[in-house]
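Derivation of every value follows stated rules applied to the coordinates shown; laboratory data play no part. Worth saying up front: this structure is predicted, and the values here are computed from it rather than measured. No Cβ is skipped: glycine too gets one built from the backbone with ideal geometry, and neighbour counts run over all protein chains shown.
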Amino acid sequence: MDTQMDPAEAVHQLWLACARWEALASSVEDLAGRGFIEGSRIHADNLAASVVSDPPAISRYLQERTWNLARMLRAVHEMTFNTTPGSLFLNPTVLYPLMRAALEDAASIVWLQTPTALEERLSRTLRSLSTEMRYYVRNQTLLARAVAEVDIPGVDVAELSEGLLAHMREEERKAGEHFALLADELQLDVKAVTKSLPTSAPITSVYGEAGVERVAWGMLSDFSHFSYLMLRFTSGADQPDPSAPVLHTTMLQLTNTLNAVISDAIDLLATACIPKA
């Protein structure tokens, strides 16, 4: 059986798959722009979280994550179709990191909105926010320590470093107390809210460790770092057979997977943002 893919057909299918990015971006933007309409599920989540004195950004986090997904999609669409009008322009070194970011956003939206139980949705959003705060503090702490090794004329770097470290330690303490208090006030599992959320956790939780979605994310993550062999084997140079270039077939698989996850996100956003009839 002939398993080779016709080069022209591969380009055609890839063109169609990449062309969907613009429509998908418009769909997620439209849903994010609807805001927190009364009667919608996300509005109910907001109301549930508003009972505490300092309500967390439940709906705002979902909204901003959705807009970020749209920005990634518009960026890859513009690069692919507007760089060389009339041709499909593929720059994998740049496309792969943007596609990975879009896949992470879409999978996170799916993960956040999959639970039917309000408590679980609140817990997942708070866990995402507390993890982001933890990473922010950790990176700032590393920066503060690194500053101490830099020679800046006229600047007491030791004092600067210690001041930043002290500030970050206090921020970490306050953030930990804040999220623990929120979880307690909302009657959520404190440990579930405050434990770290690995970057791959949402996509693995929804689609499984061996799912094509998780595998695609792993490939995009690896491809986001410079790889001579990846560029060499996806360049199309010195193809030993007449089948479609590896770049086209790889991009087609990754793009179709990304689009499928985005479609899942759109379906769940519609459930969250559109009031029930």
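Give the residue list of GluC sites (Glu not before Pro) in region 14-75 that are DSSP loop and have at most 16 other beta-carbon atoms within 10 angstrom.
Those that pass, being in a loop and sparsely packed, are Glu38.
Would you mind ranking Glu78, Glu213 so that the residue whose beta carbon has the fewest other beta carbons within 10 Å leads the list?
Result, fewest neighbours first: Glu78, Glu213.
Pairing the Cα long axis of helix 92-113 with the longest principal axis of the chain, what angle in degrees results, from 0 to 90 and rounded to the nearest 10?
Helix 92-113 and the main axis of the chain meet at about 50 degrees.
Answer with a single label: of (i) 68, 17, 11; (ii) 38, 28, 16; (iii) 31, 20, 16, which was calculated as semi-axes √(5λ) of the Cα gyration tensor in Å from the structure in view?
Read-out from the structure maps to (ii).
Can you tell me the orientation of helix 212-223 relative to the chain, as the angle in degrees between its alpha-carbon axis and the longest Cα principal axis, to the nearest 10?
Between the helix axis and the principal axis of the chain, the angle is about 90 degrees.
Tell me the Rg and the Dmax, in Å, that the Cα atoms of region 129-277 produce.
My reading of the Cα-based Rg and Dmax gives 22.9, 66 Å.
Can you give the angle from 0 to 90° between the axis of helix 7-33 and the longest principal axis of the chain, with both taken from C-alpha atoms, to the nearest 10?
Once rounded, one gets 30 degrees.
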